[in-house]
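These notes are about the structure you will find just below.
The values are calculated or read from the model by the stated rules, or taken from the named source; none is laboratory data. None of these values were measured; they are calculated from a predicted model. Neighbour counts run over all protein chains shown; Cβ positions are idealised from the backbone, glycine included.
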Amino acid sequence: MPANNILANVFVTLYNNESRRKNECIVYPTSKLAHEVLKTLKKGSYIGDFEYVEDKRGGKFKVKLLAKITKCGAISPRLKVKRTEYAQWEQQYLPSYTQGMLLVTTNKGVMSHHDAVNKELGGLLLGYVY
């Protein structure tokens with residue numbers, strides 16, 4: 001069985017269901033990191049509420065979609081980014097400075113790159129959404 005990138009699966013599932021105009025989707029398998037990413041997406045109001053459902057097979061998330069995601073994806077391999085380098089990564093992954101966010105894992109948890117800039121934190125790029 002091939003190893004699966006849980007984070008990439010979260011983004012692909014969200015994107016595919018958004019593009020089909022669904023109002024909710026099921027994301028599985030799950031992980032603590034996937035949970036943190038979903039919390040950050042909810043805080044950025046890209047998705048609505050989500051809940052964890054235990055199914056005796058690793059669990060799954062039920063996610064309410066808000067039709068706000070145009071494109072999203074995981075960044076693999078996870079790239080190190082210094083707190084001064086966010087602008088160049090924005091140019092690479094986001095359509096404009098005002099649209100979208102990069103998801104970054106820092107020593108203070110998963111957050112948007114806007115929060116990381118405000119808190120002057122570097123970290124690892126996980127993904128992008130706009």
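Taken over segment 84-130, the residue count meeting the criterion of being closer than 26 Å to L65 by Cα, part of a loop (DSSP other than H, G, I, E, B) and not small (G, A, S) is 6. Among residues of segment 29-45 that are without any contact (Cβ under 8 Å) to a residue 60 or more places away in the chain and surrounded by fewer than 16 Cβ atoms within 10 Å (Cβ to Cβ), those with a beta-carbon under 7 Å from a residue that is assigned to a helix (DSSP H, G or I) and of a type in the set (A, V, I, L, M, F, W, C) at least six positions away or on a different chain give the pairs P29/I6; S31/I6. Screening T105, T70, T40, T98 for residues that are β-branched (V, I, T) and touching a Pro at 6+ places or on another chain (Cβ under 9 Å) leaves exactly one candidate, T70. Here R78 qualifies as under 22 Å from N9 (Cβ atoms) and either outside the structural domain of Y15 (by TED's automatic domain parsing) or in contact (Cβ under 8 Å) with a residue 24 or more places away in the chain (or both).
Out of curiosity, is A116 within 10 Å of the chain's Cα centre (by Cα) and either at pLDDT 95 or above or over 16 Å from I6 (Cβ atoms) (or both)? Considered against the rule, which asks whether it is within 10 Å of the chain's Cα centre (by Cα) and either at pLDDT 95 or above or over 16 Å from I6 (Cβ atoms) (or both), A116 comes out as no. Among the residues of segment 94-116, those that are at negative phi and buried (at least 18 other Cβ atoms within 10 Å of the Cβ) comprise L94, M101, L102, L103, V104, T105, V110, M111, S112, H113, D115, A116.
Scanning segment 51-70 finds no residues that are of a type in the set (D, E) and either in contact (Cβ under 8 Å) with a residue 40 or more places away in the chain or under 15 Å from L126 (Cβ atoms) (or both). Taking (1) at pLDDT 95 or above; (2) of a type outside the set (K, R); (3) within 13 Å of the chain's Cα centre (by Cα) in turn, S76 satisfies each apart from (1). State whether one or more residues within segment 49-62 are closer than 23 Å to D115 by Cβ, basic (K, R) and either out of contact with any Pro (no Cβ under 7 Å at 6 or more places or on another chain) or not assigned by TED's automatic domain parsing to the domain that holds S112 (or both). No. Do we have S31 as of a type in the set (S, T, N, Q), modelled with pLDDT of 95 or more and closer than 18 Å to G127 by Cα here? Spelling it out, it is not the case that S31 is of a type in the set (S, T, N, Q), modelled with pLDDT of 95 or more and closer than 18 Å to G127 by Cα.
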